[in-house]
Amino acid sequence: MRLSTKSRYGLRALFDMAYHAGTLPAQIKDISRRQNISPRYLEQIFQDLKRGGLLKSRRGPQGGYFLSRKPHEITVYQIIMAAEGEMALVLSLIHISEPTRH
């Protein structure tokens, strides 16, 4: 399965938060620097993750983003769905005919 850039960056950012910030709010600029992701793009992804219920934010000098629940309670699937929104799974069916017998 191939993940979009948005999903990959979302996964990397949440892992970074779980590893580096713990229960403290994480700053976008710090995650951006460590993960080499544009802060503007990261902000857009975080808005989707926040809408998906995975992140919360706090304003002010000691503010930032933090996980809405414990890291082990967040799945890769939840991160991808929050980052991408509703996705339709497309199945490709290949019709294989039986060999003809003579």
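The values are calculated or read from the model by the stated rules, or taken from the named source; none is laboratory data. Keep in mind that this is a model prediction, so the values were computed, not measured. Every residue, glycine as well, gets a Cβ built from its backbone with ideal geometry; the counts of neighbours run over all protein chains shown. These area figures cover heavy atoms from the full protein model, side chains too; ligands, DNA and RNA do not enter into them. Shrake-Rupley method; radii C 1.70, N 1.55, O 1.52, S 1.80 Å.
Structure values in brief
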{"read-out": "Residues satisfying the stated conditions in the stretch 2-14, i.e. in contact (Cβ under 8 Å) with a residue 12 or more places away in the chain and part of a helix (DSSP H, G or I)", "value": "K6, S7, Y9, G10, L11, R12, A13, L14"}
{"read-out": "Leading residue by the ranking (farthest from R8 (Cα to Cα)) among those in the stretch 43-57 that are among the charged types (D, E, K, R) and touching a residue at least 24 places away in the same chain (Cβ under 8 Å)", "value": "R51"}
{"read-out": "Test for S4: is it among the hydroxyl-bearing types (S, T, Y), under 15 Å from M81 (Cβ atoms), in contact with a helix residue (DSSP H, G or I) (Cβ under 8 Å, 6 or more places away or on another chain) and surrounded by fewer than 14 Cβ atoms within 10 Å (Cβ to Cβ)", "value": "yes"}
{"read-out": "Residue identified as open to solvent by 100 Å² or more (accessible area, probe 1.4 Å), within 12 Å of the chain's Cα centre (by Cα) and among the aromatic types (F, W, Y) among F15, F46", "value": "F15"}
{"read-out": "First in the stretch 23-42 and part of a helix (DSSP H, G or I), second anywhere and of a type in the set (D, E) and open to solvent by 40 Å² or more (accessible area, probe 1.4 Å), Cβ under 8 Å, 6 or more apart", "value": "I28/E43"}
{"read-out": "Subset of the stretch 58-67 (residues that are in contact (Cβ under 8 Å) with a residue 12 or more places away in the chain and open to solvent by 40 Å² or more (accessible area, probe 1.4 Å))", "value": "R58, Q62, F66"}
